[in-house]
Each structure stands twice: as C-alpha cells, then as structure tokens.
Amino acid sequence: MKKILLIVVLILAGMSGKLLSQRNGTATDPVISQDPANPVYFYIESASDSSFVLAGYSGDFRGNVIISPVAPGYLIHNKIAMAPTPDHALWAIVKENGVKLLKNKATGYYMVGSHSCTATGSAAIEFFWTSLGSKQFLIRTKDVGSYTCTWKTNLCNRYSNQGLVLNSLAAWYFIVANPDQLETILKETLLTRLTNTNNILNNTMEGSDFGQYSTESRNELKAELENSQAVYDNPNSTIDEINLATQYINLAIDKFKTLINKDPQVLVSTNPDNYRWYWIRSYGTNADWCFNKVISAGTRAVGERYTYEVKTDPPADNQLFRFELTDDKTQVLNIIDRLGNYISATGYIATASTDGSSFSLNPQDDGVAFWIKPTSVAPLRANETGSIDNWMYLAGGASSWVFDFAMELPKIARLSAPRTVTVQSANATMGKAYITGTTDESITTDLLKVSVTAEQISGYFFTRWTNTAGDSISTNNPYIYAGENPMTLVANFENGYYRDMKRYYTHSEPAVQSADRYLTSVTAIVKDVQQVILSGVTTIPNPIDPAVAALQLTGDAVINCTMPQIIVPLLTDSFDMVFVGSSASIENLKWTQQNAFIDWNKDFDFLDANEAGVRNSNTTDPQLSDPLGYMRRIGIPVGTPEGLYRMRVIYHEPSSSSDWAVSIWTNNYIRNGVAYDFDIKYGAPSATVNNRFSNATAHFTGEKLCILNAENSTAIIRDVTGRWISTGKVTSVVQEFSLPTPKGVYLITLQGENNKSITLKVIR
C-alpha cells in the first residue's frame, strides 16, 4: 500500500508543478463525503506565496490551514500546531438535507459568510469551490459572492473578489488527512469529472453559433467520456488506472473548452439587411434567484436598470437583444434591445451608446457560460434585488451568461400591405404636426414603424397624441406608430406652464434616503448686492411618505421659490447664487450633481440652446459639500430682452456620468434628488446696497487682505469660482488677513447681525 501511495503522490506531482509548495501532505480535489459515519477530512491549506497583493497586503502563508474557533466567529488561518486540538483544523464536505456544507470535525461548526463559522447549517450557506488549476481552489459560501482569503492577524475576516489567481490570498489546497482514504477520494474525483463532462455536453449545443461547439469536438469528448466511465465502472481498476483516466478526461475537457465558438462576428447577420436577435440568459447555477432568467427591460424606463425575467412566449421585444461590433470585430460595441435602447456599462437602460459601454465576451471555465465585461468596470451580473449591475463572480455565479438565438429579422420591418398614417393639430394656433423628417401630414407605406412629430408654438406645449375619437394614444414626442390599420393621430397642446417633475429613489427606504436633501438658504449676489431669496428653512419642504417603496415615482419634486424674485438690472452679464443647506443636508446633497436650467426663450421647457448651465460634478467639486455653501455663476445671454425668466436648479444622481437629458427631461423625473424653481426679473432697476456695509471696502497689500469699515462681522473668502478659501472674524475698523493665494479675483462676503451681508469683489 505504501508503494502505491508513493506512486500516486508522484503522479499528482507530475500533474502539477505547484504541489511542492504544500506543507501538510498530498493535495487532492475536494470531494463530498458519501459515508456520514466515516467522512473524508481535509486540511484546507493556504497557497499564498506573497506573490499577489490585495489592498496593500500580502504574505507567505503556505503551511497555514483554516482552523475553527472554539466559539462561532471568524475562521483562523495558522499552523496546525496552533489549533486548540488537531481536529479543529479538519474539515469535511458533507451533504445535509441535500445541501453541500463545509463542517469542522472538532466543533461541528459550518463555514458561513466565506469567512466565519456558525453552529447551524442551512441552504443559505451552501459550500462551493472553483478550481484554479494546479490543485488550488477558490472557496466560498452561497450567502456572499466573494471568496475566502488569508488576512491580517491570522484571521479570515476579509473575503475577496479580486486576485482570484494561483498562489493568491484566496487560493487553497485540500490536503487529505487520512492517506488510507486516498483511493476513495481519487475515485470520487473521477466521478466528479465524469459528472462535469456530462453537464458540459448536456448544457452546450452543437452548431456554429456563439457559445456552441462543432460536431467533431463534441464527438471527441464523448469518446473520452466513455473510456473514463469504463475505468470508473470497473471494480478492479487500479489506482494508477483511475489516475490516468482522471488525467485523460481532464485533458479532454480542457481541450474541449478551448473550442467553444467565441467569435463575436457570428452574433451579427451575414446579411447586412438583417439583425440577429438573442436572449441573454443567466447561467448562474449557484444563483437560484436568476438562474435561467433572461435580461429584460421589463416595465422599467430609460434611466433605470435592466432587470431579469422568465422568457416570454412569444419572444418579447424588451427581452431580445442584438449586437454591434467594434471596428476590429473583436468586441461588442453596443448591446441594443428591440425597443431601441442600449445596455450601459453599469446595467442601465440608455437611449444611446455611452462611454465605456463596449463589452468583451469572455468564456468562463465551465465550458458553457461567458462574462459580459465592460471596458472599465466589473462584469454585468444579476443582483438579488432584481437589477443588472456589476460584480465579478466566477463560473456558476450571477455574472454567468449564455446567448440563446431567437430569430433573424430584416432591419426594416414591413407589413404585408401598405396603410395610410395621417397627423393633424387639435389647435393650429398652438402647434402643428407632421410626419417626422418631412413637412407632410400624411404617408402611405408598408413600413411597420412610422414616426410622427408635434411642434409647439411659443407659449404652448405638446401634451399627447389622440385618435379622432379623443382616445389617448401616447405622450411620446416623436411617437412611433406600428399598427397595421390606417390611423389619424391628433397632436394636442395646452397653454404653457412649467410642469412638475417626479422623484425616483433607488434604495429600499426612499423616505430615509431623501431626508435632509434640501436647501436652508439661497442668496443671489447681483452687482455686489446681496439678495436673500430663501432663509431659515429648518424642515424638509417636501417629505416623502414612509410607505413609498424603492423605484416608485412620486410627485412634488419641485419646490417653488419664485418669490421673492431675483432682481437683475439691464446689461448685467452675470450674477452669482449661493446655495446653503444644514450640515446634514449638505452631507446628503453631495451625492448628487447640481445644474441650473433657465428658460430664456420662454417656451416652458429647459431644452434649448444656452438654457443649461455647467453641471456640477460631485466627484470633482467639493463645494457641494461645503457647509458655507456652494456658489454658482449664472450667465445672461447677450441680447436677452427685459422680462421674467424661470430658473430650475436640480440636484440629481444621474444614472451615468454623461447624460442628464436622458435621465431628467426624457422621463421628467429626478433620481435621488430635488429641484428648486426661481424667477429672474431682468431689466429692473439696481437693488439698494445693504446699509450695514455701505462703507465697507477691501483690497490686497501683498499677501495681506485688508478689510475696512466692517467691524463686528464675519468675512467668508472665496475665489472667483466660488471655492471657499478662508473664514475670519472682523473685529476692528481695519482688519488684515494673511492670504498667500495666487493672483486673481476674490469674493469677500461680509456677514453681520440679522443675516445682513454684502459680497465684495477684490482683485489681487
């Protein structure tokens, strides 16, 4: 027996050049114990050799094994001699109630959370392992998507979703504790390989499409499967024969996986006039919430995340996708559904291609599924809340996908017979309607989709399309009619007014999420004169009902601050506004981005040229979280006539880094934010300077800022962009501050009693 074991060890060493790094015995594949009375126990030994660094940490932990603590808590990694007893370092993979669990011999505790142990086993903590090759494995439990790793203070109190490679902090050996069980383990390993091979053959298709295999490659794998199965079935097979059969089936599987069709060009029709349409189906065999479901827009709108659903029959347009390739045909440039929307890099529904949205379709090591990997973020995955986002799972996880061909159709859909589509305006004094791209009011065509457009006259706006009977058809503009019957569409308009917006919160507790996202004061600074527009706000002006659920649209997104008006004299080219919230408000508003929209042409929208300001980015501008407030400069277009103009300041979390228009104006809702309306009265006389600081002046002398005639006030110093520089007390008629700042324009706000203040411009 000893001679046989030596042969086995040598064979195993020959199969893997990395085994010499083991310190505690012979590494094997993990196997499930079949005999509850005589479990197969393993030492689970770290393979970390310090070659991989995670979050600035690394270490050579070879020889360290996972040890159960004496009470439920974090797992330990250390030398066997450091365990309370040797049995605290022994683990068996057992099946209880049909669920695979990792169970400690000494304590009976089960691995949980990929880093701890608990006294009770359940389906929620099912145990999984993934081969890295060279007898090294990643291990985790079902309740988390990340993998057990060695970490600081000899604890496994961090789990990793990075560095999932050989010899890393997340790599482990399974060392058989009882050499007499080696033959049993080797035969179970062969059985596992046979089962995996059958699964690959049963879950892959023969053909030339993406993710399929040729007839020749499948037949070759079937032949090797039959040979290895014969060895397993023979009760007289020797250990050498079992090892060789395992080795040969491993080589056959590895070769087979390389032959999967991963050429993205086959996703695109060879007929340039056609599109090929696919379901993108989850192959998360270890993720029962999404397994076999397909990516879908569902009932979600642009700016929300895609979801996943059971396939519909017949195929639904919101579940079918086509692919556009990069110029070199090696990657997918865009993934587009049959509604015409795009999957963004982060899983959102978008109306156009976005930066970083190209995808690599990379095969996983199960021979079946693929990662959909955007350029700059983790692969797309189906999260447990019902949305598509980004996370890196290995094979069998929620970022595993297969591509099921559905149909090939002409790019331009046509009907069996032409029909006539006509448009008209309900009131020609308010607006007109026409076939999109023409001036025509009627078209007879066999094209399935006919686009119609309504155009409002200044002072009015489009509300909806109806039929001639007055039945509402759509509020979309342009609108696409895809019916088979003749149709007359009537464009309806109303007198102009500024429409309310809706709020949309992405988290499970929108009432909590919206708390404190409001302004406490707003001040306009016009020609150095300060006008207080809003002050002393201490309560949320538009609280959300706690019963509102996540992803639910609610009204009252816009807070009316149109009185008092912002008074701006003629020929003023710009003015400043300072927005301040409580400390809590600022803390929450910093997660949004701010922009100011002004309806300069008075058409009751904010979509025209020069009507959008420069968007503040919460990722680059710390002013939005400045407790002293955020200053924005408002430019007035040359030639603006006298009049009253509406400004809407919006705090919004865009679904992507580049697109406000899609997120806000297409759907008319604000994501995780709020809006404020102000009125600008342009052409009025200049406002009167606040008498409290009527004689106040400021100037630079070298690096010293000198302030005169402002005693008993507070000076807030900002640069011309509004960025805070310093704050100080003015206690005398002549007050100096050391200010080693570069040359430029600075804004000095002097605040006195009763909120009286003035802002001075000073040039250094």
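Coordinate-derived values only; no laboratory data. As the structure is a computational prediction, the values presented were derived from the model and not from experiment. Cβ coordinates were reconstructed from backbone atoms using ideal geometry, including for glycine residues, and neighbour counts include every protein chain displayed.
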- Query: Around I725, which amide H atoms from residues at least 5 apart in sequence, or from another chain, sit under 5 Å from its own amide H, with H modelled in the peptide plane?
  - Reply: I717, R718, D719
- Task: Using only Cα atoms, find the angle between the long axis of helix 215-233 and the longest principal axis of the chain, and express it within 0 to 90 degrees, rounded to the nearest 10.
- Result: 50 degrees
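Restricting to bridges with both residues inside the chain, how much of the DSSP beta-bridge set is antiparallel, in percent to the nearest 5? Don't jump to the answer; show the numbers that get you there.
Details: 154 of 170 bridges.
The answer is about 90 percent antiparallel.
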- Message: How large is the Rg to Rh ratio of the stretch 264-410 when both quantities use alpha carbon positions and Rh follows Kirkwood?
- Response: 0.93
- Label model pair L570, D240: point-to-point distance (7 angstrom along the Cα→beta-carbon line) in nm is 10.7 nm
- Task: Take every Cα pair under 8 Å in the chain that's 6+ residues apart, average their separations, divide by the length, and report that relative contact order as a whole percent.
- Result: 7 percent
- Query: Could the peptides 701-710, 147-156, 596-605 be put in order, highest first, of the mean number of other beta-carbon atoms found within 10 Å of their residues?
  - Reply: 147-156, 596-605, 701-710
- Partner lysines whose C-alpha sits under 18 Å from that of K152, ignoring same-chain residues fewer than 8 away, are K79
- Percent relative contact order for the stretch 691-763, counting Cα pairs under 8 Å at least six residues apart, stands at 33 percent
- Message: Within 10 Å of each candidate Cβ there may be at most 14 other Cβ atoms; applying that plus a DSSP loop requirement, which trypsin sites (Lys or Arg not before Pro) in the stretch 256-309 survive?
- Response: K262
- Item | Inter-centroid distance (Cα atoms) of the stretch 256-291 relative to the stretch 115-181, Å | 31 Å
- Query: Of the peptides 636-648, 362-374, 567-579, how do they stack up when ordered by the mean number of other Cβ atoms within 10 Å, highest first?
  - Reply: 362-374, 567-579, 636-648
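Compute the length gained on full extension between N542 and T468: take 0.36 nm times their separation in residues and subtract their Cα-Cα distance, giving the result in nm to one decimal.
Numbers: separation 74, 0.36 × 74 = 26.64 nm, distance 3.97 nm.
So the extension gain works out to 22.7 nm.
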- Item | aspartates and glutamates whose Cα lies under 17 Å from that of K502, excluding same-chain neighbours fewer than 8 positions away | E304, D545, D556, D605, E653, D677
- Message: Cross-link candidates for K704: which lysines have Cα within less than 30 Å, leaving aside residues fewer than 8 places away along the same chain?
- Response: K527, K729, K743, K756, K761
- Query: With contacts defined as alpha carbon pairs under 8 Å and 6 or more residues apart, what's the relative contact order of the stretch 136-204 in percent?
  - Reply: 25 percent
- Message: Could you derive backbone 3J(HN,Hα) for the stretch 384-392 from the dihedral phi with the Karplus parameters 6.51, -1.76 and 1.60 (θ = phi - 60°), listing whole Hz in sequence and x where the residue is Gly or Pro?
- Response: 6, 8, x, 10, 9, 9, 10, 6, 9
- Hz values of 3J(HN,Hα) by residue in the stretch 525-541 - Karplus curve (6.51, -1.76, 1.60), Gly and Pro given as x: 10, 10, 6, 6, 9, 8, 10, 7, 9, 8, 7, x, 6, 10, 10, 5, x
- Message: Taking the 0 to 90 degree range and rounding to the nearest ten, how far is the long axis of helix 182-203 tilted relative to the main principal axis of the chain, both from C-alpha atoms?
- Response: 50 degrees
- Message: If I fit a long axis through the Cα atoms of helix 2-15 and take the longest principal axis of the Cα atoms of the chain, what angle between them do I get, 0 to 90°, rounded to 10?
- Response: 30 degrees
